[in-house]
Amino acid sequence: MTPLRFLLARTMRNEPMLASLSAPLSDLHAELAGRRVALVGNARALAQARQGAQIDAADLVVRINRAPMPDPDSHGTRTDWLGLAVRLPPADRARLAPGRILWMSPKRKRLDWQTAHSPGFYLHPLPEYAALAARLGAPPTTGAMLIGLILSAPVAGLTLHGFDFFASQSLSGRRRAAQVPHDFAAEAEWVARTAQDDPRLRLA
């Protein structure tokens, strides 16, 4: 797709045309099958931990948005997949060098041409976003959407690092919980219930 056609599809909210750029979900499931996955959130508290070696030892490392990594001892070094809901500055794109980018946000106007044409690009379907939003009673975070997506595959395990549901705020910004549109209490409860029902999910 040319940059002009992409711009028109994005501006006109032509979902089928944008979806034509996406890898099928079956590709993601095949790559996830049987693997131990580390999903790394951006909680500030992770910077005080020493989980980097555990993160890098996972079969697949998934990070979120700009994915600040202040120290390898706390955050590890690998980024296999990157779940995005924001535009990625060139410096962060080069620093993270993800093998696959997943656009999780329903806000398609934020999606840029370079991301949409990156190898293995995946566009998260709008109905999946809407279903999770209805369950939580609020717009889900990128992390919550990634949890649901990863657990929909036959993974061996999913470990969450840097998830404290905004108790320590985020390394990627200065906003407080009241300044963002998510319901972190609802997400914490949903994750706890999911972990009870699905032994593959655990918090580090």
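Here is how the numbers come out for the structure above:
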read-out	value
Surface per residue (accessible, 1.4 Å probe) for the chain, Å²	48 Å²
Dimensionless Rg over Rh [the chain; C-alpha; Kirkwood]	0.94
Residue among THR141, THR79, THR194 with the largest mean-square fluctuation in a Gaussian network model of the chain, springs linking Cα atoms under 10 Å	THR194
Values of log10 I(q)/I(0), in the order q = 0.16, 0.22 Å⁻¹, for the stretch 24-116 under a Debye, Cα-only, solvent-free model	-0.68, -1.16
Rule-of-thumb Rg ratio for the stretch 86-186 [Cα; 2.2 N^0.38 Å; N residues]	1.14
Candidates PRO68, PRO119, PRO90: whichever shows maximal mean-square fluctuation once the chain is modelled as a Gaussian network with Cα springs under 10 Å	PRO90
Dipole magnitude (debye, nearest 20) for the chain, charges at Cβ of Lys, Arg, Asp, Glu	700 debye
Theoretical ellipticity at 222 nm over the chain - DSSP helices of four or more residues, -39500 (n - 2.57) apiece, nearest 500	-10000 deg cm²/dmol
Range in the chain, longest, excluding exposed trypsin sites (Lys or Arg not before Pro) [loop by DSSP; at most 12 other beta-carbon atoms within 10 Å]	108-173
Portion, in percent, of the accessible area of the chain that falls on carbon or sulfur, probe 1.4 Å	56 percent
Additional length obtainable on full extension of the chain from ALA130 to ASP27, 0.36 nm per residue less Cα span	34.8 nm
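The values are calculated or read from the model by the stated rules, or taken from the named source; none is laboratory data. Since this is a predicted model, take the numbers as computed values, not measurements. Backbone-built Cβ (ideal geometry, glycine too); neighbour counts: all protein chains shown. Just the protein is used for accessible areas: all its heavy atoms, side chains included, with ligands, DNA and RNA removed. Shrake-Rupley method; radii C 1.70, N 1.55, O 1.52, S 1.80 Å.
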